[in-house]
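Enquirer: Before I ask anything, here is the structure I am working with.
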Amino acid sequence: MVQDEDQLPPGAPGEGDPPEDVPPADEAPPDQPVAADPPSPGEQGTPPPPTSPPPASTPSLENAGILNAISNRVVAIGAIFTGIVALGSQLNSCTAQSVQRYASFRTSVAAEEGYWKGLLEENASLAGETNPKIKERKELLLISLGGHRVPTFREYRASVFDGSEEITIAQDRLNQMKSDLGRALGSSDDPRVAAAARLAFSFDVGQAQLAEKTDAGPTDAPPPAPTDIGDRTQLPSDVTPNPSTQIMVAGNPGGWDIDVFWCAGGSKAVELENYVIARNAAQLLAQQSVKGKLSASVFLGTVRLRPLPLMRQGGGYPGAGSNNTIRAEANDAEREAAAAVLGLLDRNKLGFTVSESLTPTRWYLSAFVCRADDATPGSVAAPQPPSGNRATGA
């Protein structure tokens, strides 16, 4: 039997009340997931449209600057590394060249030491020679071989190997060996050998000093005050050649130094003729050195008169029959100076020519008088004293 709603007992649920323990419709029961909304009719069975990936983010200006800085540093480090590698290669190459140069230098020094040691041993062995003629010939040969020049080793100074101190030590040792040979031969029991040795080795010492000349060369400085050098253009009839070096004038230290050599040896007549002509030439040059410039840009310094020993003639030096020559190196400065000297001597009819010198010397000229040994005796005649401008070379 159905009861009216008004007649329901208290606490009985009515039609409009929700049943007990039933959650509201908008709340999911506990421990149950919320169901998703069903797709709309138009979306039923249709896959969602594809979505494009988000655009890549563009680095900011600050990030770009950092990247550029890193890139530049990488390039710089690479360049430094490349430079270090190249420098290492160059250092290895220089080291190899230096080692090679040093080995070549030591080989040259050893050869020179062997040469002089051989000559000294040969001279010592002559102490037991009983044949005076054989001993004399050997001693004269040793004097001739002793004319060998001690090298300057200049080629090793301007190279990767620049052992200046070692070069100086080597030169000093070789010069000492040469001096020992000269003193031994100069003490020979044979007066002729002793005199020839002293003259020859004294000449060598003078030449070695020329190779070491390092002054600044000609400058436009005033000439020294005139000194009383006398009139040496006329020689007494009883003159005899002086085998010593004679300083005719010590001129301007900035001028061209010149040695006038006369060939010793041969017949007495030829030796005297060589000496007279050489002395006349040296006197003219000495007078010009005192007076001043020889030409617009050439003036002379020290003028010396020197013998050229018989044992040093030939080879690198003129010998009998080479006549009167001026030696100059193949450069403009020496050629100009030699031409000026030649002009002065030619104006006084001394008959010189110019030839090339292969020995490098600084601000130095040399002249040689070496007439042939078949000259007619008694033909020596000193020229008359120059007069007027002929003496000045102007």
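Conditions (1) part of a helix (DSSP H, G or I); (2) open to solvent by less than 90 Å² (accessible area, probe 1.4 Å), marked per residue:
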| residue | (1), (2) |
| --- | --- |
| Q97 | yes, yes |
| Q100 | yes, no |
| A103 | yes, yes |
| N123 | yes, yes |
| I134 | yes, yes |
| L141 | yes, no |
| V150 | no, yes |
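Enquirer: Show the residue pairs that are 6+ apart or on different chains and have beta-carbon atoms under 9 Å apart, the first residue being within the stretch 140-161 and modelled with pLDDT of 75 or more, the second being small (G, A, S) and open to solvent by 70 Å² or more (accessible area, probe 1.4 Å).
Expert: Between residues of the stretch 140-161 that are modelled with pLDDT of 75 or more and residues that are small (G, A, S) and open to solvent by 70 Å² or more (accessible area, probe 1.4 Å), the close pairs are G147/G315.
Enquirer: Looking at the stretch 285-318 only, could you name the residues that are over 30 Å from L140 (Cα atoms) and not hydrophobic (A, V, I, L, M, F, W, C)? So that I can check it myself, show each step before the final result.
Expert: Pass one, the stretch 285-318, residues over 30 Å from L140 (Cα atoms): 285-303.
Q287, Q288, S289, K291, G292, K293, S295, S297, G301, T302, listed by residue number.
Enquirer: Would it be correct to say that T168 is loosely packed, with under 12 Cβ neighbours inside 10 Å, of a type in the set (S, T, Y), within 20 Å of the chain's Cα centre (by Cα) and at pLDDT below 80?
Expert: Working: loosely packed, with under 12 Cβ neighbours inside 10 Å: yes; of a type in the set (S, T, Y): yes; within 20 Å of the chain's Cα centre (by Cα): yes; at pLDDT below 80: no.
It is false that T168 is loosely packed, with under 12 Cβ neighbours inside 10 Å, of a type in the set (S, T, Y), within 20 Å of the chain's Cα centre (by Cα) and at pLDDT below 80.
Enquirer: Kindly establish whether A216 is modelled with pLDDT under 80, open to solvent by 50 Å² or more (accessible area, probe 1.4 Å) and among the small types (G, A, S).
Expert: Values: modelled with pLDDT under 80: yes; open to solvent by 50 Å² or more (accessible area, probe 1.4 Å): yes; among the small types (G, A, S): yes.
Taking the combined requirement at face value, the residue satisfies it.
Enquirer: Does D190 meet the test of being of a type in the set (D, E, K, R) and touching a residue at least 24 places away in the same chain (Cβ under 8 Å)?
Expert: On the way: of a type in the set (D, E, K, R): yes; touching a residue at least 24 places away in the same chain (Cβ under 8 Å): yes.
In short, yes.
Enquirer: Is one or more of the residues making up the stretch 248-259 within 11 Å of V303 (Cβ to Cβ), at pLDDT 75 or above, assigned to a strand (DSSP E or B) and open to solvent by 40 Å² or more (accessible area, probe 1.4 Å)?
Expert: Within the stretch 248-259 (the criterion being within 11 Å of V303 (Cβ to Cβ), at pLDDT 75 or above, assigned to a strand (DSSP E or B) and open to solvent by 40 Å² or more (accessible area, probe 1.4 Å)), the answer is no, since none of the residues qualifies.
Enquirer: I need the full set of residues from the stretch 280-307 which are hydrophobic (A, V, I, L, M, F, W, C) and under 29 Å from G265 (Cβ atoms), in order please. Quick ask: steps written out before the conclusion?
Expert: Residues of the stretch 280-307 hydrophobic (A, V, I, L, M, F, W, C): 281-282, 284-286, 290, 294, 296, 298-300, 303, 305.
Hits for the stretch 280-307 are A281, A282, L284, L285, A286, L300, V303, L305.
The values are calculated or read from the model by the stated rules, or taken from the named source; none is laboratory data. Since we're looking at a predicted model, the values are computed, not measured. Note: ideal-geometry Cβ built from the backbone for every residue, glycine included; neighbour counts use all protein chains shown. Note: accessible area is taken over every heavy atom of the protein model, side chains too, but ligands, DNA and RNA are not part of it. Shrake-Rupley method; radii C 1.70, N 1.55, O 1.52, S 1.80 Å.
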